[in-house]
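Peer 1: What follows is a structure written as structure tokens; I'll ask about it next.
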Amino acid sequence: MSRSPRVEIVYCTQCRWLLRAAWMAQELLTTFADELGEVALAPGTGGVFQILVGEELIWDRAEREGFPDIKELKQLVRDRIAPQKELGHSEKK
């Protein structure tokens with residue numbers, strides 16, 4: 001059963017980035033409890049760390065040369081699934 005909207009975090013098992021991916025998933029599920037259908041963790045290899053909202057790639061560690069901070073990630077997700085939602089202290093200034 002597919003739930004929408006769906007966020008997928010693809011993380012590298014070789015790099016042991018599961019905990020980072022799980023923490024980000026927890027933060028998104030907490031912040032967007034009423035807006036998200038699911039957050040999926042997908043194992044990968046080769047240094048991959050990508051975040052997709054639906055089919056749209058919103059973060060690629062290789063392209064951006066690093067990981068998003070949680071504030072930036074929440075803003076990226078919010079802009080796609082709930083643009084009217086206020087993020088409180090995580091809001092852009």
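The values are calculated or read from the model by the stated rules, or taken from the named source; none is laboratory data. Every value quoted in this text rests on a predicted model; they were computed, and no experiment measured them. FYI the Cβ positions are ideal-geometry reconstructions off the backbone, even for glycines, and counts take in every protein chain you see. The accessibility values were calculated without ligands, DNA or RNA, using every heavy atom of the protein model including side chains. Shrake-Rupley method; radii C 1.70, N 1.55, O 1.52, S 1.80 Å.
Peer 1: If the Cβ limit is 7 Å and pairs must be 6+ apart or interchain, which residue in the range 8-28 that is of a type in the set (A, V, I, L, M) pairs with which residue that is part of a loop (DSSP other than H, G, I, E, B)?
Peer 2: Val10/Val48; Leu28/Leu36
Peer 1: A further question follows. Looking only at the range 16-28, which residues are surrounded by 14 or more Cβ atoms within 10 Å (Cβ to Cβ) and either in contact with a Lys or Arg (Cβ under 7 Å, 6 or more places away or on another chain) or in a helix (DSSP H, G or I) (or both)? If you could, list the steps in order and put the result at the bottom.
Peer 2: Step one: of the range 16-28, the residues surrounded by 14 or more Cβ atoms within 10 Å (Cβ to Cβ) are 17-18, 20-22, 24-25, 27-28.
Result: Leu18, Arg20, Ala21, Ala22, Met24, Ala25, Glu27, Leu28.
Peer 1: Please work out which one of (1) charged (D, E, K, R); (2) open to solvent by less than 80 Å² (accessible area, probe 1.4 Å); (3) modelled with pLDDT under 95 is the condition Lys74 fails and give its number.
Peer 2: Result: Lys74 passes all but (3).
Peer 1: Consider Gly37 carefully, then state whether it is closer than 15 Å to Asp60 by Cα, at pLDDT 95 or above and of a type in the set (Gly, Ala, Ser).
Peer 2: Working: closer than 15 Å to Asp60 by Cα: no; at pLDDT 95 or above: yes; of a type in the set (Gly, Ala, Ser): yes.
When the stated conditions are applied, Gly37 does not pass them.
Peer 1: Could you run through the range 39-71 and say how many residues are under 19 Å from Leu87 (Cα atoms) and either touching a Phe, Trp or Tyr at 6+ places or on another chain (Cβ under 6 Å) or not in a helix (DSSP H, G or I) (or both)?
Peer 2: Filtering the range 39-71 for residues under 19 Å from Leu87 (Cα atoms) gives 39, 53, 58, 68-71.
Subsequent filtering for residues that are either touching a Phe, Trp or Tyr at 6+ places or on another chain (Cβ under 6 Å) or not in a helix (DSSP H, G or I) (or both) retains 39, 53, 58, 68-69.
Number of matching residues: 5.
Peer 1: Still on this structure, I have one more. Pairs, please: C-beta under 9 Å, at least 6 apart or cross-chain, first residue of a type in the set (Val, Ile, Thr) and in the range 59-73, second loosely packed, with under 14 Cβ neighbours inside 10 Å?
Peer 2: Taking only residues 6 or more apart or on different chains, the pairs are Ile70/Trp23.
Peer 1: While we're looking at this one, here's another question. Condition first: among the acidic types (Asp, Glu) and within 21 Å of Pro5 (Cα to Cα). Now tell me which residues in the range 37-70 satisfy that. Even if it seems obvious, please write down each step before you answer.
Peer 2: Keep residues of the range 37-70 that are among the acidic types (Asp, Glu), which gives 38, 55-56, 60, 63, 65, 69.
If the condition is that a residue be among the acidic types (Asp, Glu) and within 21 Å of Pro5 (Cα to Cα), then Glu38, Glu55, Glu56, Asp60 are the ones that fit.
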